[in-house]
Every structure is written in C-alpha cells, then in structure tokens.
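Working notes, structure below.
The values are calculated or read from the model by the stated rules, or taken from the named source; none is laboratory data. The structure presented is a predicted model; accordingly, all values stated were derived computationally and were not measured. Every residue, glycine among them, receives a Cβ derived from its backbone with ideal geometry; neighbour counts consider all protein chains shown.
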Amino acid sequence: MVVEALRDARVVVTGAGGGIGAALARRFAAEGARVAVNDLDADAARRTAAEIDAVAVPGDASDVVPAARTALGGSIDVFCANAGVGTGGGPEADDAAWELAWDVNVMSHVRAARALLPEWLDRGAGRFVSTVSAAGLLTMIGAAPYSVTKHGALAFAEWMSLTYRHRGIHVHAVCPQGVRTAMLAASGTAGDLVLAPDAIEPEDVADAVLDGIAAERFLILPHPQAAGYYAARAAEPERWLRGMNKVQRQYEEQLAARKEGGRA
C-alpha cells in the first residue's frame, strides 16, 4: 500500500533507534518520505538512518524540531512523537521517576507541537503522530507513572485533534498493547502477565499506523481488541475495575512466588 500523503513528505520519528520508532522510520522511508531519525542514543539513531538512507538527528526528543527541520531542508510535514519511557512503580516511586515519565511521555509532545504549530497553521497542513500505548486508554498494572502520563499523552493528542483539525492539522494516537521491544523485555512480571501473551512485532504497529494515516483515523489500534476493553471501561467502570483488580492480585501472587523461588 502506498500512502500518497507520505510520498516526498519530510518526516521526523523520535525514539527511532530501535523498536516501534525504527519500524516507523523504515515504513515511512519505504513510502518515499524523507526521514529524520531521532534518538537519545546517537549510535542507534545513526544505525537506523544508515539502513534507510535517512538523516540522523540524535538528541533529546523534547528539542529536536529545529535541528530536524534544518536536516530536512527547512520544513517538517509529519512528526512522530514516539520516544517514551516505561517507568514502573506506584506512589512510592520517587519524584525523579515521575518527572522523567511526565517530561518524556507528555511534555516532549507539547514542546514539539509548540515548535511545529506556527508553521503548520500558517500553511494549513501538518501531521502529528503520537505513540501513546493502550495504557493511555486503559491502564498498566505495576506502573502508575507510565499509566498516568500515557493518559496525559492521549488527552493532549485528543485536544490537538479537536482544536486544529479544521485548520488542516491531522492527529493520530497510536495505542498498541504488548509489542516485542526492549521496553516489553524490561517490564518484568507485569509485562509477562498482561502484555506478552498477545504481543506483536514493531512492524505490525508500523503497518497499523500507515493504515490509520491512509484512513485518516485519529485512534489507531494495532490490537483491535483494545477497542472492546476501552468501551467496557467506559460503559461499566465498576465491572472493569473488578476485572483489573483480579489481574492485579494475580500479579502480586506471581511476584510473591518468584520472590519465594529466589530464596529456595
């Protein structure tokens, strides 16, 4: 499938040194886009860029827009706010952990939009693709900072879409469940219980994103079943919370069993 809106488009993908970001960069390049690959890991950014004949713009995703604009010849058509951190824990997580999750998962999107919107609104065109996570629609056990900030990322994407769509700004919120990336591998017991059984490949997410762009869908669900979970959460919140609490108890039991096994 060729998405005409992406042919010769100037595209930035943050967090593209690996995982979903790298898969997105490859797909955009395959569609004929000119791609700027951003990652905090400069070597990883350069590897992905070299693979697809793109330009590497390493550094913090929060302030990549000026450098990426220059690297792409003065303008950006599509910005993929993909960089994220999977901060775990609950209220006991220290302030630094909460601040990192907020800064990367929400404020990097805000700062990018702040830098992009004047140009986009002036020419009446622009596309913002936000990698949110199904945690932004639902939640993730064992990871309050991640869940809360992904809800924030979804809220910001929704606000962007309803505020600017009549002015030519297209916004997409990508909400996968488990994806076989380093973040899933690092998610431990919670990821094994909730995400791993239905995990998909990063390339599957990229396919879903291209389909969503072609159809101009705001909400992109690489795991279609997430729509049913989201509807159930809204329609019957008590039932949904009881079900999630059951999963939480299973999680606690598995943690206890692993801890006991480690002592044996």
**Request:** Output the number of the condition that residue 37 fails; it satisfies all remaining conditions of (1) farther than 13 Å from residue 116 by Cβ; (2) in contact with a Leu (Cβ under 7 Å, 6 or more places away or on another chain); (3) β-branched (Val, Ile, Thr).
**Result:** (2)
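Quick grid of which residues meet (1) surrounded by 15 or more Cβ atoms within 10 Å (Cβ to Cβ); (2) within 15 Å of the chain's Cα centre (by Cα); (3) modelled with pLDDT of 85 or more; (4) under 30 Å from residue 123 (Cβ atoms):
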| residue | (1), (2), (3), (4) |
| --- | --- |
| 149 | yes, yes, yes, no |
| 170 | yes, no, yes, yes |
| 179 | yes, yes, yes, no |
| 184 | yes, yes, no, no |
| 198 | no, no, no, no |
| 205 | yes, yes, yes, yes |
| 211 | no, no, yes, yes |
| 245 | no, no, yes, no |
| 260 | no, no, no, no |
**Asked** What number of residues in segment 116-134 are out of contact with any His (no Cβ under 8 Å at 6 or more places or on another chain), within 19 Å of residue 83 (Cα to Cα) and part of a helix (DSSP H, G or I)?
**Response** 1
**Asked** Where in segment 1-115 are there helices (runs of 4 or more DSSP H), lying fully within it, with 2 or more residues that are modelled with pLDDT of 95 or more, buried (at least 23 other Cβ atoms within 10 Å of the Cβ) and in contact with a Cys (Cβ under 8 Å, 6 or more places away or on another chain)?
**Response** 19-30
**Request:** Would you mind finding the one in 236, 216 that is among the acidic types (Asp, Glu) and touching a residue at least 24 places away in the same chain (Cβ under 8 Å)?
**Result:** 216
